[in-house]
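Here's the structure, in structure tokens; my notes come after.
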Amino acid sequence: MARAAGLIRDEVLPVDSKASSTAVRAVMTANKSRDTKPERLLRSVLHRQGFRYRVNARPLPDLRRTADLVFFKARVAVFVDGCYWHGCPEHYRPATKRSEWWRAKIQRNQARDADTDSRLCEEGWTVIRIWEHEAADVAAAKVIGALNG
């Protein structure tokens with residue numbers, strides 16, 4: 001009935017799509033790259049304690065990477081990493097479909113993270129990486145420790 005009413009339409013995957021189906025493509029398209037729940041919770045805890053920061057900003061103008069929270073005066077960059085996308089040792093589970101492609105993708109993400117960390121450290125920045133599964137108050141304590149340290 002929904003199909004007949006035009007509420008559901010059959011979609012064809014674009015030729016250049018890496019998704020294995022239209023359903024997978026829809027899920028992947030809906031994934032957010034900023035303002036995720038773990039980020040918002042962390043920001044809320046820090047803001048309540050009086051800390052101010054920039055959201056989704058480049059710590060270095062010449063580096064095409066954005067940190068989730070940036071404290072420019074203190075030179076602290078905070079990244080809230082998703083367990084799947086960044087290969088959390090505790091929660092990451094390999095994909096079952098297109099597993100080789102996803103394994104390479106996660107490894108590229110981890111290599112980019114390491115490169116970002118080293119470039120920022122070379123420029124005198126403190127880099128804090130927080131996993132999405134970490135409690136917001138624990139994560140905030142790490143950030144506050146770096147800001148006060």
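The values are calculated or read from the model by the stated rules, or taken from the named source; none is laboratory data. These numbers were taken from a predicted model, which means no experiment stands behind them. Cβ: placed from backbone, ideal geometry, glycine included. Neighbour counts: every protein chain shown. In case anyone asks, the SASA skips ligands and DNA or RNA and just uses the protein heavy atoms, side chains included. Shrake-Rupley method; radii C 1.70, N 1.55, O 1.52, S 1.80 Å.
Of note:
- Only helices enter the 222 nm calculation for the chain: every DSSP H run of n ≥ 4 contributes -39,500 (n - 2.57), and dividing by all residues gives -12500 deg cm²/dmol, rounded to 500.
- Value of relative contact order over the stretch 1-148, rounded to a whole percent, pairs C-alpha under 8 Å and six or more apart: 22
- Applied to the stretch 80-89, the Karplus parametrisation 6.51 cos²θ - 1.76 cosθ + 1.60 on θ = phi - 60° returns per-residue 3J(HN,Hα) values of 9, 8, x, 4, 6, 5, 10, x, 3, x Hz, with x for Gly and Pro.
- Under 19 Å of direct C-alpha separation, and excluding same-chain neighbours fewer than eight residues apart, Lys32 reaches these lysines: Lys18, Lys105.
- Residue among Ala77, Ala139, Ala104 with the largest mean-square fluctuation in a Gaussian network model of the chain, springs linking Cα atoms under 10 Å: Ala104
- A protection proxy built from the mean count of other Cβ atoms within 10 Å ranks the segments 123-134, 27-38, most packed first, as 123-134, 27-38.
- Once you reduce the stretch 16-39 and the stretch 74-111 to the center of their Cα atoms, the two points are 14 Å from each other.
- Charged-residue dipole, Cβ positions (Lys, Arg, Asp, Glu), the chain about Cα centre, Debye nearest 20: 320
- The chain: angle of helix 37-48 to the longest principal axis, Cα-based, in degrees nearest 10: 30
- Note on the stretch 85-149: percent of Cα-Cα distances in each 10 Å bin, starting at 0 and stopping at the bin with the largest distance, equals 18, 38, 32, 11, 1.
- Within the straight-line cut-off of under 19 Å between alpha carbons, the lysines reachable from Lys37 are Lys142, sequence neighbours fewer than 8 places apart in one chain being disregarded.
- Calculated FRET value between Gln107 and Arg25, using beta carbons and R₀ = 22 Å, to 0.05: 0.45
- For Arg75, the solvent-accessible surface computed with a 1.4 Å probe is close to 90 Å², ligands and nucleic acids excluded.
- Highest-MSF residue in the chain out of Leu13, Leu46, Leu63 [GNM, Cα springs under 10 Å]: Leu13
- Looking at the stretch 1-140 alone, DSSP beta bridges between its own residues are antiparallel in about 50 percent of cases.
- The fraction of all Cα pairs in the chain landing in successive 5 Å bins from 0 to the largest distance is 2, 8, 15, 18, 16, 13, 9, 8, 5, 3, 2, 1, 0, given as whole percents.
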